[in-house]
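The values are calculated or read from the model by the stated rules, or taken from the named source; none is laboratory data. The shown structure was predicted, so the numbers you read here are calculated from the model rather than taken from an experiment. Here Cβ is always computed from backbone atoms with ideal geometry, including for glycine, and neighbour counts include all displayed protein chains. The accessibility values were calculated without ligands, DNA or RNA, using every heavy atom of the protein model including side chains. Shrake-Rupley method; radii C 1.70, N 1.55, O 1.52, S 1.80 Å.
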Amino acid sequence: MNVTELTIEGVQKGLIAKEFSAVELTENALLNVAKQEPSLHAFLTITKELAMAAAKATDERIAKGEKLLPLSGIPCSLKDAILVEEVRCTAGSRMLDNYIAPYDAFVTEKIKEAGAVIIGKTNMDEFGMGASTENSSFGATKNPHNLERVPGGSSGGSAASVAAGEVILSLGEDTGGSIRQPASFCGVVGLKPTYGAVSRAGIIALASSLDQVGPFARTTKDAQILFETISKRDLRDATSVDIKKKKKEVGVKELRIGVPKEYFGKGLDSGVSKLIKDTIGKFESAGAKIVEIELPHTQYALAAYYILNTSEASANLARYDGIRYGFHQEASDLLGEYLSSRSEGFGPEVKRRIMLGTYALSEGYYDAYYVKAQKIRSLLKQDFESAFNKVDVIMGPTSPVLPFLLGEKTSNPLKMYLVDTYTVPLNLVGLPGISLVAGKIDNLPVGLQVIAPSFEEDLLFSIGKTLESLQ
Amino acid sequence: MIDKEQVMRIAKLARLELKEEEIAKYQQDLSEILDYFDTLKKVSANDVEPMIHSATQENIVRDDVGRKENPVIISRMMRLVFSIKDGFVKVKTILTSK
């Protein structure tokens, strides 16, 4: 009953057949976490009591002969930007080292109601700012496939915890690729849902018009179960919508796959390019139609993304004043306390982005940066709209590069930003995207990104299951 | 290339205090990134409407009645406050007579 091997269905079958109890499974999972953490460092906080209480509740349910809930007995982790009532929540920052969440995030409520066993909170780049978890104030997470390499980021701890078999599911958060890119680097499935599909209430904000919570799992089916658990309308988030299911069943034989030439250009690793083309070829062999498409404004997406990300971040992170919560540094007057608390509490990348955003929003520069970036956003939206007139989905690599070495890109922030090239356009226009396991190069995982029109997550899941059957 | 004074001005607006070596590093980093942002100048987009949000545009309304926050949550939030006096958040002097 090693968690490493199991799916949701596998666990629940085992529980019902009394091959093991939920308490035994959870104890086993916690032991496995304790064994792996010294080398992996996927977790920032372990929530043993919470896990054992949920496991006991599952066992009681079975003893009473009640039906299992969708996530009954399933070991899960959550990115440390998602609040869990009365549990420390740091967002990977020294600023929030001692922050205890006063309430549950909406998504936390939903997975608790569904019976999930919450094992702990996972490591991340500070406030979600990074693509490797190396920007965490608490040290980097390692890639389970190669401990000298990064797991991706910012939700690197979540991806690593699933890939290493410490848990079966994880919730991450994706502002510009922070679920899909670590899923790609760690060889698991990761979904960024359509903007509005999942409530952001109780999530520590990075860039509010881009942030979206989503699932990590080892199979598409498990990712779908977790997504369906959390994608409910929530009145606490004004951008949360009631998903009207667009029942669009497209079999692989009718499927039209768009392949944008802009996603196979300069900067793409040649091995990744070949593996992704081969993977798309598998769909073609199965009967899908491949259509070459153009997304002409792709080359401007990254600059527009970083202007909007830093601008929104500079406003969102203004709340950290050292007064109401978070890191506090004494000074002789109020302004002095703001300055010293923020300067000591935030790490270098956070300060860099706050300053970039402050600059982009400042008088004289606002039109040239912020408004221009929003115009690019409109142009990108038009690109995707015209592409989706011709195709059902779009495919390409999730990341232009393989998981890189720890320390390889930390000295040059712009180099780190370029890793997000294929993932940021979706956040800008709100589209859903999934990273599926395409294969491996030199034992390092490669992810295939599949993009669908808004609220067509079901199509992404059906494609994921098709790929798993073709592999 | 932005100059040191600009870096210090931005830091001041952002309520950050930078050490001397940080100023030099950020001057270099910010200049490089802002140069990259300038690639957007190549796009002519005068007639394009700015897109503020990708959310579905739908108004969410509720009855105009006050809502009481759960006192348990209030007390948990107040526990996070650094300095409290008589149930209020206490801060240092805002204005000094100099």
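Regarding region A:239-248, can at least one residue be identified that is polar (S, T, N, Q) and at pLDDT below 95? Yes, there is a match, as at least one residue in region A:239-248 is polar (S, T, N, Q) and at pLDDT below 95. Against the conditions (1) more than 7 Å from chain B (Cβ to nearest Cβ); (2) of a type in the set (Phe, Trp, Tyr); (3) closer than 28 Å to A:GLY139 by Cα; (4) in a helix (DSSP H, G or I), A:TYR338 satisfies every one except (1). Looking only at residues in region A:47-63 that are of a type in the set (Gly, Ala, Ser) and open to solvent by 40 Å² or more (accessible area, probe 1.4 Å), the one that is nearest to A:PHE20 (Cα to Cα) is A:ALA63. Screening A:TYR103 on (1) open to solvent by less than 10 Å² (accessible area, probe 1.4 Å); (2) out of contact with any Ser or Thr (no Cβ under 7 Å at 6 or more places or on another chain) shows it passes everything except condition (1). In region A:341-360, the residue that is farthest from A:ALA304 (Cα to Cα) out of those that are more than 8 Å from every other protein chain (Cβ to nearest Cβ) and in contact with a Phe, Trp or Tyr (Cβ under 6 Å, 6 or more places away or on another chain) is A:SER341. Restricting attention to region A:147-170, the residues that are closer than 15 Å to A:GLY447 by Cβ and of a type in the set (D, E, K, R) add up to 1. The conditions of being within 25 Å of A:LYS375 (Cβ to Cβ) and either touching a Cys at 6+ places or on another chain (Cβ under 6 Å) or of a type in the set (A, V, I, L, M, F, W, C) (or both) are not met by B:VAL89.
Looking at (1) of a type in the set (A, V, I, L, M); (2) within 9 Å of another protein chain (Cβ to nearest Cβ); (3) open to solvent by 10 Å² or more (accessible area, probe 1.4 Å), can you tell me which one A:VAL401 breaks? Every condition holds for A:VAL401 apart from (2). Flag set for A:ALA315, criterion: touching a Leu at 6+ places or on another chain (Cβ under 8 Å), open to solvent by 10 Å² or more (accessible area, probe 1.4 Å) and within 11 Å of chain B (Cβ to nearest Cβ). For region A:322-335, a residue qualifies if it is in contact (Cβ under 8 Å) with a residue 12 or more places away in the chain, surrounded by fewer than 21 Cβ atoms within 10 Å (Cβ to Cβ) and either within 8 Å of another protein chain (Cβ to nearest Cβ) or under 30 Å from B:VAL48 (Cβ atoms) (or both), and the qualifying residues are A:ILE323, A:HIS328.
Yes or no, residue by residue, for (1) outside any loop (DSSP other than H, G, I, E, B); (2) in contact (Cβ under 8 Å) with a residue 24 or more places away in the chain; (3) more than 23 Å from A:ILE111 (Cα to Cα):
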residue: A:GLN224; (1), (2), (3): yes, yes, no
residue: A:GLU228; (1), (2), (3): yes, yes, no
residue: A:ASP234; (1), (2), (3): no, yes, no
residue: A:ASP237; (1), (2), (3): no, yes, no
residue: A:VAL241; (1), (2), (3): no, yes, no
residue: A:LYS277; (1), (2), (3): yes, no, yes
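Taken residue by residue, region A:135-151 has at least one member that is open to solvent by 10 Å² or more (accessible area, probe 1.4 Å) and either closer than 18 Å to A:GLU24 by Cα or of a type in the set (A, V, I, L, M) (or both). Take region A:158-205 and flag every residue that is within 14 Å of chain B (Cβ to nearest Cβ) and either open to solvent by less than 10 Å² (accessible area, probe 1.4 Å) or free of Cβ contacts under 8 Å to residues at least 12 places away in the same chain (or both). Scanning region A:158-205 gives A:ASP174, A:THR175, A:GLY176, A:LYS192, A:PRO193, A:THR194, A:TYR195, A:GLY196, A:ALA197, A:VAL198, A:SER199. Could you go through region A:64-83 and let me know if any residue there is without any contact (Cβ under 8 Å) to a residue 60 or more places away in the chain, over 25 Å from A:ASN143 (Cα atoms) and either crowded, with 22+ Cβ neighbours inside 10 Å or in contact with a strand residue (DSSP E or B) (Cβ under 8 Å, 6 or more places away or on another chain) (or both). Checked against the condition, which is being without any contact (Cβ under 8 Å) to a residue 60 or more places away in the chain, over 25 Å from A:ASN143 (Cα atoms) and either crowded, with 22+ Cβ neighbours inside 10 Å or in contact with a strand residue (DSSP E or B) (Cβ under 8 Å, 6 or more places away or on another chain) (or both), region A:64-83 yields no hits at all.
The criterion of being within 11 Å of another protein chain (Cβ to nearest Cβ), touching a residue at least 40 places away in the same chain (Cβ under 8 Å), part of a helix (DSSP H, G or I) and open to solvent by less than 20 Å² (accessible area, probe 1.4 Å) does not hold for A:TYR300. Which of the residues belonging to region A:361-381 are more than 7 Å from chain B (Cβ to nearest Cβ), open to solvent by 10 Å² or more (accessible area, probe 1.4 Å) and either of a type in the set (A, V, I, L, M, F, W, C) or touching a Gly at 6+ places or on another chain (Cβ under 6 Å) (or both)? Answer for region A:361-381, where residues must be more than 7 Å from chain B (Cβ to nearest Cβ), open to solvent by 10 Å² or more (accessible area, probe 1.4 Å) and either of a type in the set (A, V, I, L, M, F, W, C) or touching a Gly at 6+ places or on another chain (Cβ under 6 Å) (or both): A:LEU361, A:ALA368.
Being of a type outside the set (Ser, Thr, Tyr) and open to solvent by less than 40 Å² (accessible area, probe 1.4 Å) is the filter here, so list the residues in region A:265-278 that pass it. A:GLY265, A:LEU268, A:GLY271, A:VAL272, A:LEU275, A:ILE276 - these are the residues of region A:265-278 that are of a type outside the set (Ser, Thr, Tyr) and open to solvent by less than 40 Å² (accessible area, probe 1.4 Å). Scanning region B:42-98 for residues being within 7 Å of another protein chain (Cβ to nearest Cβ), open to solvent by less than 100 Å² (accessible area, probe 1.4 Å), among the β-branched types (Val, Ile, Thr) and in contact with a helix residue (DSSP H, G or I) (Cβ under 7 Å, 6 or more places away or on another chain) gives a total of 4.
Quick check: is even one residue across region A:439-460 open to solvent by 40 Å² or more (accessible area, probe 1.4 Å) and free of Cβ contacts under 8 Å to residues at least 24 places away in the same chain? So far as region A:439-460 goes, no, none of its residues is open to solvent by 40 Å² or more (accessible area, probe 1.4 Å) and free of Cβ contacts under 8 Å to residues at least 24 places away in the same chain.
Quick check: is even one residue across region A:305-312 at the interface with chain B (Cβ under 9 Å from one of its Cβ atoms), in a helix (DSSP H, G or I) and open to solvent by 20 Å² or more (accessible area, probe 1.4 Å)? Within region A:305-312, not a single residue is at the interface with chain B (Cβ under 9 Å from one of its Cβ atoms), in a helix (DSSP H, G or I) and open to solvent by 20 Å² or more (accessible area, probe 1.4 Å).
The set of residues in region A:1-46 being open to solvent by 40 Å² or more (accessible area, probe 1.4 Å), under 17 Å from A:PRO70 (Cα atoms) and part of a helix (DSSP H, G or I) consists of A:GLU9, A:LYS13, A:ILE16.
Restricted to region A:366-471, the set of helices (runs of 4 or more DSSP H) holding at least 1 residues that are under 24 Å from B:ASP29 (Cβ atoms) comprises A:372-387, A:413-418, A:424-429.
One line per residue, one yes/no per condition, for (1) modelled with pLDDT of 95 or more; (2) under 29 Å from the mean Cα position of the chain (by Cα); (3) under 22 Å from B:VAL89 (Cα atoms):
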{"site": "A:HIS297", "(1), (2), (3)": "yes, yes, no"}
{"site": "A:ALA301", "(1), (2), (3)": "yes, yes, no"}
{"site": "A:TYR306", "(1), (2), (3)": "yes, yes, no"}
{"site": "A:THR310", "(1), (2), (3)": "yes, yes, no"}
{"site": "A:SER314", "(1), (2), (3)": "yes, yes, no"}
{"site": "A:LEU317", "(1), (2), (3)": "yes, yes, yes"}
{"site": "A:GLY326", "(1), (2), (3)": "yes, yes, yes"}
{"site": "A:GLU330", "(1), (2), (3)": "no, no, yes"}
{"site": "A:GLY347", "(1), (2), (3)": "yes, yes, no"}
